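*Asks:* For reference, the structure I am asking about is given below.
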Amino acid sequence: MSPSRRRGARWVAARCLLVGGSLLGALAVAEGVTRWRLPHAAPRSARVTRFWQYHPRYGWSHRPNVMSHFESFGFSSRVSINARGFRGPLASYERPAKRQRALVLGDSYVWGFGVSDHEVFTAVLERMVPGLEAINLGVSGYSTDQELLLYTDEGYKYDVDWVVLVVASNDFPSNLRGTEYLIYPKPFFSLDQGALRLMNQPVPPTPAVKRLAGQLAMRSYFLTLTSRLLEHVRISRLLARPGSRQDGATEAAFPRTAADHLTVRLLLEMKNAVQKQSGAKLLVVLVDGFGKDVERVAGFLEANGVNCFLLDRHLDYRNPSLHLPDGFHWSPKGHEVVARALAPRLQDKSQK
């Protein structure tokens, strides 16, 4: 190589090092400022993936027989995963003599994000209601589509009186997409002339580059905050997708958007599966802070034979003592309030 070319190569290398160093320095400053001014941006969802393993049907599931601590800003909890990959003690498929049973499905609210095993509302319900066994099949990050698959694959095997499905407002956009947390592929359903069609099967594993990004996010406040902002933009776009409108329907009608149509179709499919496979009763629980459409959602489901329970009537979404610092997951006190609200409904045999 000629001297002029060597000088040119050294110049390019120096420029690359300068640009790279500047970027790393900027990231370091951004990370420090975020940790100082926004401590609530501490990684949360990324850290829960330590309990996950790849699953070709659902995208991810819990690693069986894991006991560990799960902690982030404002909480430190003890988590136990049983031999079937669910939180809490292992339940038999057969009903114990003279016991009432409820099977509970949902996402991080049911899994018990940020609280210890004995503080999850399913465990509190068992202590509160004599003779009740509450079986927790919650998996953090799941949406209605994954919960439907989980019930038809596994949940129906349990002899129960009630199937309780906890629905959060973020389930609606999640049901439209094949990736969660910007990284993890998942199954989803499409509506083909009104019929549900399962897509993304088998679910592809997360690419190595995205796994590395997830590992970085588990440690970085700045990257976590950035990913949350990107997720917020993505959810806003999904919720804006229009659905089919019936003639004469007004803007206030429900279902209205594509997310509405798909989610209520999944919930009605869940009702049919519960009635067909186990003969139990389905109770759909809409979490507190659901949004302005909560009454319309509940009204539509009730009109189609689905029992609904609105936690907004029992929890104050603005009460910080009932929630973790993230503002939406329930604190130990919040889980106790949820259990106290649900207990009379699960004991009401006239509803069966």
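*Asks:* Evaluate the following for residue 110: is it under 19 Å from the mean Cα position of the chain (by Cα), assigned to a strand (DSSP E or B), modelled with pLDDT of 95 or more and farther than 14 Å from residue 49 by Cα?
*Replies:* In short, no.
*Asks:* Out of the residues in segment 306-324 that are in a helix (DSSP H, G or I) and of a type in the set (A, V, I, L, M), state the one that is farthest from residue 272 (Cα to Cα).
*Replies:* This residue is 322.
*Asks:* A further question follows. Among (1) assigned to a loop (DSSP other than H, G, I, E, B); (2) within 17 Å of the chain's Cα centre (by Cα); (3) modelled with pLDDT under 95, there is one condition residue 142 misses while meeting the rest; what is its number?
*Replies:* Against the list (1) assigned to a loop (DSSP other than H, G, I, E, B); (2) within 17 Å of the chain's Cα centre (by Cα); (3) modelled with pLDDT under 95, residue 142 comes up short only on (3).
*Asks:* Please pick out the residue among 268, 283 that is on the phi < 0 side of the Ramachandran plot and either touching an Asp or Glu at 6+ places or on another chain (Cβ under 8 Å) or surrounded by fewer than 18 Cβ atoms within 10 Å (Cβ to Cβ) (or both).
*Replies:* Unique residue meeting the criteria: 268.
*Asks:* Look through segment 64-119, keep the residues that are in contact with a Pro (Cβ under 8 Å, 6 or more places away or on another chain) and hydrophobic (A, V, I, L, M, F, W, C), and return whichever of them is surrounded by the most Cβ atoms within 10 Å (Cβ to Cβ).
*Replies:* 115
*Asks:* Let me ask you something else. May I ask you to list the residues in segment 325-352 that are assigned to a loop (DSSP other than H, G, I, E, B), closer than 19 Å to residue 167 by Cα and at pLDDT below 95?
*Replies:* Passing the criteria: 326, 327, 328, 329.
*Asks:* Taking segment 56-96, which residues are out of contact with any strand residue (DSSP E or B) (no Cβ under 7 Å at 6 or more places or on another chain), within 21 Å of residue 115 (Cβ to Cβ), small (Gly, Ala, Ser) and modelled with pLDDT of 95 or more?
*Replies:* Once the filter is applied, which keeps residues that are out of contact with any strand residue (DSSP E or B) (no Cβ under 7 Å at 6 or more places or on another chain), within 21 Å of residue 115 (Cβ to Cβ), small (Gly, Ala, Ser) and modelled with pLDDT of 95 or more, segment 56-96 yields nothing.
*Asks:* Let me ask something additional. So, in segment 278-305, how many residues would count as being part of a helix (DSSP H, G or I), touching a strand residue (DSSP E or B) at 6+ places or on another chain (Cβ under 8 Å) and not charged (D, E, K, R)?
*Replies:* Going through segment 278-305 one residue at a time, the tally reaches 4.
*Asks:* Can you find even one residue in segment 247-264 that is modelled with pLDDT of 95 or more and surrounded by fewer than 19 Cβ atoms within 10 Å (Cβ to Cβ)?
*Replies:* No.
*Asks:* Specify the residue that is surrounded by the most Cβ atoms within 10 Å (Cβ to Cβ); the eligible residues are those in segment 311-348 that are of a type in the set (S, T, N, Q) and in contact with a Ser or Thr (Cβ under 8 Å, 6 or more places away or on another chain).
*Replies:* 331
*Asks:* Residues in segment 156-179: is at least one at positive phi, in contact with a strand residue (DSSP E or B) (Cβ under 7 Å, 6 or more places away or on another chain) and either hydrophobic (A, V, I, L, M, F, W, C) or assigned to a loop (DSSP other than H, G, I, E, B) (or both)?
*Replies:* No, segment 156-179 has no match at all.
*Asks:* Under 6 Å by Cβ, and 6 or more places apart or on different chains, what pairs join a residue from segment 270-287 that is among the charged types (D, E, K, R) with one that is surrounded by 22 or more Cβ atoms within 10 Å (Cβ to Cβ) and modelled with pLDDT of 95 or more?
*Replies:* Qualifying pairs under 6 Å: 271/282; 281/162.
The values are calculated or read from the model by the stated rules, or taken from the named source; none is laboratory data. Computed from a predicted model, the values in this text were never measured in an experiment. Backbone-built Cβ (ideal geometry, glycine too); neighbour counts: all protein chains shown.
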